[in-house]
Amino acid sequence: MATIMDSMTVKPLSDALGVEVSGVNAADLGEATFKELREIFHENLVVVVKDQDLSPAEQTEFAQRFGEIQYHISPEYLMDGQPEVMILSNEKEDGKFIGLPDGGSEWHSDHSYVDQPTGYTMLHAIKVPKDGGDTEWTNMVKAYETLSDEMKERLEGVIGIHSFNRLKNQRLTVPVRHMNDPDYYKRSPPDAFHPIARTHPHTGKKALYISPRFTIGIKDMDDTEAQPLLDKLFAHIKNRDFIYRHRWTEGDLLMWDNRTTLHLALLGVPEGQARRMHRTTVLGEIPF
Ligand code: OGA
Ligand code: MN
């Protein structure tokens, strides 16, 4: 690995979170540069490495430097021959989507509905539409830190209930795609229980760990109290001061830390314009 050739430049993406990194090749990062990048990543929550020409195998190897690959619970859109990579795409072949067409259309943190959720997600932008398809991230460390002291105390030791099952979530409706399959949500995994104020294993910082997509209630708290509390927190995390909106460019390798951010796919890609991403996920720790 050619450490000597690495000349990483770093600039902020927004006041809310994120940095843009250029001058490196993710497929050939020296160990020292990799460690520096990981440090920058943990501090800034989102990193976009510009102008990456990575094969799916190279993307997998890059992801594995951060930890163990987490395979998606649904095998449908995993890449043939490289199942570590999932395809997100609105393109069709023989009348069938070649990837997940509409992932992430509510604020969420990846896989928070399992006991050991995703640590990091990486998307490599292969095809970017001229219009639409942006993604937003919100800074859940800032969201936590700007809560009142009373609220922080109230949340101490409080456990959120996370569910994949949309039928259990009063804030959501069921997508048309699944309406003809009443068993779809019966196949969902059992609910998971995670602290609402979560501690980052590397930085020690606390972040809010709840989302409108997956958090359906609070353990040992009646819904008459839990739902208004969640509503209040969900309104708080959507403060524009915490949010960064990304306009994708082909070759972006964008990674986010799921412990400290939520993200949202804004969709809105017009018919006839292609969007295609190669996605890898790295397993995190059991939240504490
Ligand atoms: C994801 C996701 C959003 C997007 O890959 O986990 O939510 O805009 N993607 O593609
Ligand atoms: Mn997601």
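The values are calculated or read from the model by the stated rules, or taken from the named source; none is laboratory data. Treat the numbers as computed from the prediction; the structure is a model and nothing was measured. Heads up, the Cβs are rebuilt from the backbone with ideal geometry, glycines too, and the neighbour counts pull from every protein chain shown. Just the protein is used for accessible areas: all its heavy atoms, side chains included, with ligands, DNA and RNA removed. Shrake-Rupley method; radii C 1.70, N 1.55, O 1.52, S 1.80 Å.
Within the range 256-275, the set of residues being within 16 Å of ligand 2 (Cβ to nearest atom) and over 21 Å from SER211 (Cβ atoms) comprises just one member, ARG275. On the basis of being more than 16 Å from ligand 1 (Cβ to nearest atom), modelled with pLDDT of 95 or more and not hydrophobic (A, V, I, L, M, F, W, C), does HIS194 make the cut? Here the answer is yes, as HIS194 does meet what is asked. Considering (1) open to solvent by less than 30 Å² (accessible area, probe 1.4 Å); (2) away from ligand 1 (no atom under 16 Å from the Cβ); (3) touching a strand residue (DSSP E or B) at 6+ places or on another chain (Cβ under 8 Å); (4) under 29 Å from ASN44 (Cβ atoms), the lone condition that ILE159 does not fulfil carries the number (1). Taking the criterion of being in contact (Cβ under 8 Å) with a residue 40 or more places away in the chain and surrounded by fewer than 16 Cβ atoms within 10 Å (Cβ to Cβ), the residues of the range 72-91 that qualify are ILE73, GLU91. When the range 244-288 is filtered for residues that are open to solvent by 10 Å² or more (accessible area, probe 1.4 Å), β-branched (Val, Ile, Thr) and either under 13 Å from the mean Cα position of the chain (by Cα) or farther than 20 Å from SER112 by Cα (or both), the ones remaining, listed by number, are THR249, VAL269. For the residues VAL47, VAL21, the requirement of being buried (at least 18 other Cβ atoms within 10 Å of the Cβ), in contact (Cβ under 8 Å) with a residue 40 or more places away in the chain and under 17 Å from HIS124 (Cα atoms) singles out VAL47. Among the residues of the range 236-259, the ones that are part of a loop (DSSP other than H, G, I, E, B) and either of a type in the set (Gly, Ala, Ser) or under 25 Å from ASP131 (Cβ atoms) (or both) come to 7 in all.
Filtered by the rule that a residue be open to solvent by 30 Å² or more (accessible area, probe 1.4 Å) and under 19 Å from LEU266 (Cβ atoms), the range 125-156 gives ILE126, LYS127, VAL128, LYS130, ASP131.
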